[in-house]
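The values are calculated or read from the model by the stated rules, or taken from the named source; none is laboratory data. No experiment lies behind these values; they were computed from the predicted model shown. Backbone-built Cβ (ideal geometry, glycine too); neighbour counts: all protein chains shown. Ligands, DNA and RNA are excluded from the accessible area calculation, which covers all protein heavy atoms including side chains. Shrake-Rupley method; radii C 1.70, N 1.55, O 1.52, S 1.80 Å.
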Amino acid sequence: IEIYSLHVDCKVTSRFAHTVITSKFVNRANESREATFEVELPKTAFITNFSMSIDGKVYPGIIKEKVSAQREYDTAVSHGQSAGLVKITGRKLEQFHVSVSIAAASKVTFELTYEELLKRQLGKFELLIKVRPKQLVKHFQIDVHIFEPQGIHFLETDSTFMTNELTEALTKVQNETKAHILFKPTVEQQKINPELDETLLNGDFVVRYDVKRGATAGDIQIVNGYFVHYFAPREMPVFPKNVIFVIDRSGSMAGRKMEQTRGALSKILQDLRPEDHFSIVTFNSKVVEWKSSLLQATAENLASAAGFVQTLSASGGTDINLALLTAVSVLDKAERLPKRSVSMIILLTDGQPTSGESNVEVIQENIQKAVNGKYALFCLGFGFDVSYKFLEKMALSNGGIARRIYENADAALQLQGFYQEVATPILMKIEMQYPENAIEGLTKNNFKLLFEGSEIIVSGKISNELGLLPVEIKAQSHASDLTLKEEANVKEKEQVFQNQSYIFGNFIERLWAYLTIQQLLEKSISAQEEDQKTLEAQALELSLQYSFVTPLTSMVVTKPSGQQQTELVNKPTEAG
């Protein structure tokens, strides 16, 4: 089976990325063979379309509600379930995999489309394309078109498999607001060496960029009655932080995990600013406070903490409940903290609560009561023995986020990377206000914290009569309380996207749907049961309306007769 053409076509319009992967196979054998289409895509993306064309006949994937699709499927496949077509393959990616049997000399074309909203982290947007054809491909091409009306501030490409020869196959054309990146290596350029038919193309192809930012109240873009508002203020002073590190040292952390944690913590301590305050709580079945109060991040205190970190060793059970309550009480008792400062707790654990209170619902309740909206709780789950669902619910209920740390060689870097994202809070209590009677379906518009290098995104639908869209942003910075105002002229804003040849027309509407679904799903994680059902029903309705494969929908893929007829494409989640 030969892949004679592979084309990745990606259009990014104002952070919203629409990627189409087309792969064409021919069976050169004189009997039927299996063609396997395997693509890795970002976990943050939603698949929106898939089809197979075999000798001119198209087999489209149909998106349905997950429960009913599963029921149909179970009936069709009486001998139980086959594995889903999508599985998580790492920190950032999941893999889509489908095989179909094709007759001698036949051709098949696979086409997969997915969409995602690129998220600004540490000052840049990242578009990740995984390249792994596993054979030389006669016509191989990656096209990335970017259109950012705010202007492109910088743009770089990066790849884990580039060689000098391959660099010649890469071209980049860019002006003020647009860029086109083309990577089109010949068969000769793809080879590891001229004698062998082995491909170099195996790894990540990454495009990173950021946009220009002028207006203080952010940037508003409008298409077909939908708006999106991006807000990332520049050159803001950083809030001092009061941060408590809560570190698991139970038996399962022994060995490499503890070593990586010590390494990461030592580096993170060096990154604290002189005006920050900090402390460390470690726990197994017992909870140990490094100091009973918060200390300022002076050179002396940091050196003492670094010494303490090096002595950490792992044994015993896991009392998450008492450890977190201890951290909260250290913050509650703290005196003489900077008046305007941000308090946070960062928990790192690799297991289930086994000592003290072990009922996760009771722990969640205890922590939420104790934190009471005053502090942000970030939960890092190390490896796959943690109950990620529990950590995620706890973090989202307390103004933070959860993240899984993968047990790889780079775990220490993952920990540091996470810390860097939350290390520089620049705004608190951000309210994005729009005229109430003129906007429908507004996405989340109140935010607890904004960190340097990230971005706030709000989207909604504008009523037809509106000529001017006024916005007002209220927030607290380290220096003062801010009120920023801006008005967008709806007609002028709509003009920006006319005559752009490669823009899919309703992209802001799709961006709005994508963002709304993500937020409904996130909200349902920490909601009460009856609210959960309502939120999921709303998310399901949008997933079906805009044809997204989300955790609530499935795509049913039907194959030619004589093969296992239907298979399901489901969206895996980190919580499994």
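Descriptive notes on the structure:
- Considering residues of the range 267-293 that are part of a strand (DSSP E or B) and under 31 Å from the mean Cα position of the chain (by Cα) only, the residue farthest from Gly316 (Cα to Cα): His277
- For the range 151-173, residues that are open to solvent by 50 Å² or more (accessible area, probe 1.4 Å) and within 19 Å of Val8 (Cα to Cα) total 9.
- Qualifying residues in the range 192-217 (those that are assigned to a loop (DSSP other than H, G, I, E, B) and acidic (Asp, Glu)) - the one surrounded by the most Cβ atoms within 10 Å (Cβ to Cβ): Glu198
- Residue in the range 54-61 that is modelled with pLDDT under 95, touching a Phe, Trp or Tyr at 6+ places or on another chain (Cβ under 8 Å) and closer than 23 Å to Pro572 by Cβ present: yes
- Test: residue in the range 80-102 that is among the acidic types (Asp, Glu) and assigned to a strand (DSSP E or B): yes
- Checking the range 78-91 against the condition returns a match, with at least one residue being surrounded by fewer than 21 Cβ atoms within 10 Å (Cβ to Cβ), of a type outside the set (Asp, Glu), farther than 26 Å from Arg403 by Cβ and touching a residue at least 60 places away in the same chain (Cβ under 8 Å).
- For the range 403-440, the set of residues classified as touching a residue at least 12 places away in the same chain (Cβ under 8 Å), charged (D, E, K, R) and surrounded by fewer than 18 Cβ atoms within 10 Å (Cβ to Cβ) consists of Glu407, Glu421, Lys429, Glu431, Glu440, listed by residue number.
- Filter result (in a strand (DSSP E or B), among the small types (Gly, Ala, Ser) and closer than 19 Å to Lys134 by Cβ) within the range 18-72: Ser23, Ala35
- Checking each residue in the range 304-345 for being crowded, with 16+ Cβ neighbours inside 10 Å and in contact with a Leu (Cβ under 7 Å, 6 or more places away or on another chain) picks out Ala305, Val309, Leu324, Val330, Ala334, Val342, Ser343, Ile345.
- Any hit, the range 396-416, residues being under 30 Å from Glu541 (Cα atoms), of a type in the set (S, T, N, Q), outside the structural domain of Glu361 (by the TED database) and at pLDDT 95 or above: no
- Residues of the range 105-143 that turn out to be assigned to a loop (DSSP other than H, G, I, E, B) and within 28 Å of Tyr546 (Cβ to Cβ), as a count: 3
- Hits in the range 219-266 - residues which are in a loop (DSSP other than H, G, I, E, B) and either at positive phi or in contact with a helix residue (DSSP H, G or I) (Cβ under 6 Å, 6 or more places away or on another chain) (or both): Asn224, Gly225, Glu235, Gly255
- The set of residues in the range 174-191 being surrounded by 13 or more Cβ atoms within 10 Å (Cβ to Cβ) and part of a loop (DSSP other than H, G, I, E, B) consists of Thr177, Lys184, Pro185, Thr186.
Conditions tested, residue by residue: (1) among the aromatic types (Phe, Trp, Tyr); (2) farther than 30 Å from Val137 by Cα; (3) in contact (Cβ under 8 Å) with a residue 60 or more places away in the chain.
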site	(1), (2), (3)
Lys191	no, no, no
Pro194	no, no, no
Leu200	no, no, no
Asp219	no, yes, yes
Phe227	yes, yes, yes
Ile280	no, yes, no
Trp290	yes, yes, no
Ala299	no, yes, no
